[in-house]
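What follows draws every value from the coordinates through simple rules; no lab data is involved. Quantities reported herein were computed from a predicted structural model and do not represent experimental measurements. When we count neighbours, we look across all protein chains shown, and the Cβ atoms used for this are built from the backbone with ideal geometry, even at glycine.
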């Protein structure tokens, strides 16, 4: 006899944990989350967990705002720390890109984001130890923040359990159970079979592989972006803000350990990961040296900064760098929530509340299901945005 659940969630990262939270928060009782390893073992555990609202589409701006607001209230509401911190974030570009920056900032302001354009003089006042050219400007978002990703996903999952979610840790889903074109449950690595009204695949880099085994091919590709960590030298004068440096193609943020995390904005050169269970989690010497060189052009004291190595992370990307969210084509009873291209943490609260409003009884928020349809590539209608510079819109 198979035990039956209304909702079975595959994956214990930020998406799976958040979906379990929102389903049980709003009265859905029979929710099971299955994680093959441990919470945050995939993309989530290595996330920078940056919470910013700088996007160029009304839907993604509204979702990022909903997510930032949710994280900012979590600690007080639940009495659990996720190390929410709000240092603010600056997106730096040259005057050549100022019209694009201005257009996006004006849209964000109309939607309630506290952001503004600052010039090179104001940038130098914001970061006195930095080096900024006269032809540079930035979008300054004072509300932007971050959380500690492993801490956050575990605390969200703990609240979901308190609300009634059952969690299976260390159990791998080896196949989806099919009856005709309907997915009716999952089979685990111990041959246990579990029946489900809905199966929601939130398995990040494993999602595409799982669907392919069920005969469904969606454009989900796992890649390996590298990130380096540096320790600011003693006496360095630095505000410890979050930056997206479009001039140098770099981003960096302060970590709780006191280090600075540095990564590249462009994902085009990141290696494809064929087997996310076995991939290189380290970084190359060349990458570390390149990050130090680029970062020290902006903040010179990092030229004398000790390296703490780095990490090879995991992103799941799509052709338009936006997630695929919705019913799995041709497989009734299954949903896919994946392909966030490095932007999942900030979007998780809005996405999962939205999915829970469709599958369960959560109130609808900023999420718009049709925008992220799994059918959009087959229909020749990828998401188009008007950023004008190279980060997700």
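Applying a 10 Å radius around every beta-carbon, put 333-342, 37-46 in order of their mean neighbour count, most first. Could you put the intermediate results ahead of the total?
Working: 333-342: 25.2, 37-46: 21.5.
Final packing ranking: 333-342, 37-46.
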* Does anything in region 129-161 have its amide N under 15 Å from the 7 Å Cα→Cβ label point of residue 77, and if so which residues? -> 153, 155-161
* Asked: What per residue convex hull volume, in Å³, do the alpha-carbon atoms of the chain yield?
  -> 130
* Degrees between helix 14-25 axis and first principal axis of the chain (Cα, 0 to 90, nearest 10) -> 60
* Structure fact -> Between residue 4 and residue 114, the two model label points (7 Å from Cα along the beta-carbon direction) sit apart by a distance in nm of 5.1
* Asked: Helix 285-298 versus the longest principal axis of the chain: what is the Cα-based angle in degrees, 0 to 90, to the nearest 10?
  -> 50
* To do: Using only Cα atoms, locate the centre of region 159-178 and the centre of region 104-119, then give the distance between them in Å, rounded to an integer.
  => 41
* Arranged from highest to lowest average of other beta-carbon atoms within 10 Å per residue, in what order do the peptides 4-13, 264-273, 246-255 appear? -> 4-13, 246-255, 264-273
* To do: Calculate for the chain the 222 nm mean residue ellipticity that helices alone would give, adding -39,500 (n - 2.57) per DSSP H run of length 4 or more and normalising by residue count, nearest 500 deg cm²/dmol.
  => -8500 deg cm²/dmol
* Nitroxide proxy distance, nm - points 7 Å out along Cα→Cβ at residue 308 and residue 106 -> 4.3
* Within region 231-250, backbone nitrogen closer than 13 Å to the virtual label 7 Å beyond the Cα of residue 266 toward Cβ -> 246-250
* Note the angle between two axes, namely the Cα long axis of helix 344-359 and the longest principal axis of the Cα atoms of the chain, as a number of degrees from 0 to 90, rounded to the nearest 10. => 30
* To do: Could you check the simple spin-label distance between residue 58 and residue 179, using points 7 Å along Cα→Cβ, in nm with one decimal?
  => 4.3
* Structure fact -> Per the rule of 0.36 nm per residue minus the C-alpha distance, extending residue 257 to residue 384 adds in nm 41.9 nm
* Can you figure out the FRET efficiency of residue 193 with residue 361, using R₀ = 25 Å and their beta-carbon distance, to the nearest 0.05? => 0.35
